[in-house]
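Taken together, the values in this text are just the output of simple stated rules run on the coordinates, not laboratory data. What you are looking at is a predicted structure, and each value in this text was computed from that prediction instead of being measured. Heads up, the Cβs are rebuilt from the backbone with ideal geometry, glycines too, and the neighbour counts pull from every protein chain shown.
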Amino acid sequence: MTRQPVALVTGANRGIGKEVARQLAHEHGMKVIVGSRDLQKGLEAAHQIRHEVEALQLDVADQHSITAAVSAIAKAQGRLDVLVNNAGADYDTDQTATSADLLRVRRAFDTNFFGAWATIIAAVPLLKNVSQGRIVNVSSGAGALKGMSRGTPGYGISKAALNALTIKVAAELKPHGILVNAVCPGWVATDMGGGGRPIPEGARGAVWAATLPGNGPTGGFFRDGQPIDW
């Protein structure tokens, strides 16, 4: 009997994260854990998604929260097949690099970069317990060095750092059969994005990376399943 894969999606109480959780549960039969800074909102999202979905309090900017969440998964599941680092913050279109509030930028880094890094470190032992682990870092074209210009300094630079982390983690975990990729969902009609393509379309690229076969790519940057420039 094939065992049901387990996925953790951070920042999954709304927007792209919630839709990634829905697609992994409904279309790929995974047991999905909705990570949410506000547990009540996570419970509401899990109830709306239904299927094999649970909610877990997880604030990626809080190391104690990360440790507690991953420990709970280890106790309940003993493994983790997929980690989707979706939690993101502060699309700072009102700032420029030479006038940025660096305290605000540091807060963005705590979620967009250090939060993802800390969650990876905590989750890797569980990912090594399965034969084909997957890590998906939800990034952005705003973090691509090619074509980077002014605007969104905190968000863009934190996503560029996340892209660099993706390459390093992918190289380290490749011998363990764990595929690690960064995915840009495009401009999506979320509360943060404010417009663009429908949320299900934006989420599908992350789901693609989360369900890659064993011979799939690793250490890449993708949009809609196609490579894009770093």
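Cα-Cα over 22 Å: which of Lys18/Lys41; Lys75/Lys128; Lys31/Lys75; Lys18/Lys146?
Numbers: Lys18/Lys41 11 Å; Lys75/Lys128 15 Å; Lys31/Lys75 15 Å; Lys18/Lys146 30 Å.
Flagged as over cut-off: Lys18/Lys146.
With only Lys, Arg, Asp and Glu charged, each at its Cβ (+1 for the first two, -1 for the last two), find how big the charge dipole of the range 1-91 is about the Cα centre; round to the nearest 20 debye.
Working: 10 positive and 10 negative charges, 51 e Å.
Around 240 debye, computed over the range 1-91.
Which value, in debye to the nearest 20, gives the size of the charge dipole of the range 104-208 about its Cα centre, when Lys and Arg are +1 and Asp and Glu are -1 at the Cβ?
Numbers: 12 positive and 4 negative charges, 41 e Å.
Using only the charged Cβ atoms, the result is roughly 200 debye.
Kindly express, to the nearest 10 degrees and within the range 0 to 90, the angle between helix 63-76's C-alpha long axis and the longest C-alpha principal axis of the chain.
Helix 63-76 and the main axis of the chain meet at about 20 degrees.
Projecting each Cα onto the charge dipole of the chain (Lys/Arg +1, Asp/Glu -1 at the beta carbon, about the Cα centre), which of Ala45, Pro125, Asn85 comes out farthest on the positive side?
The residue sitting farthest along the positive end of the dipole is Pro125.
Kindly rank 13-26, 51-64, 167-180, 31-44 from highest to lowest mean number of other beta carbons found within 10 Å of each residue.
Values: 13-26: 24.6, 51-64: 19.3, 167-180: 16.9, 31-44: 21.5.
By packing density, highest mean first, the sequence is 13-26, 31-44, 51-64, 167-180.
Using Cα-only point scatterers and the Debye equation, what is log10 of I(q)/I(0) for the range 6-227 at each q in 0.07, 0.08, 0.09, 0.11 Å⁻¹, rounded to two decimals?
Here the Debye-derived log intensity ratios amount to -0.18, -0.24, -0.31, -0.47.
Spin-label point model (7 Å from Cα, Cβ direction): what's the Thr98 to Gln132 distance in nm?
5.1
Given Cβ point charges of +1 (Lys, Arg) and -1 (Asp, Glu) and nothing else, what value in debye, to the nearest 20, does the dipole of the range 6-227 about its Cα centre take? Mind showing how you got there, number by number?
On the way: 22 positive and 18 negative charges, 82 e Å.
With Lys and Arg at +1 and Asp and Glu at -1, about 400 debye.
Helix 199-210: angle to the longest alpha-carbon principal axis of the chain, degrees 0 to 90, nearest 10?
Rounded to the nearest ten degrees, it is 60.
Measure nothing fancy, just the Cα-based angle from helix 116-127's long axis to the longest principal axis of the chain, in degrees from 0 to 90, nearest 10.
Tilt of helix 116-127: around 20 degrees.
Have a look at the DSSP beta bridges in the range 6-227 and tell me what percent are antiparallel, nearest 5.
On the way: 2 of 26 bridges.
Of the beta bridges lying entirely in the range 6-227, close to 10 percent run antiparallel.
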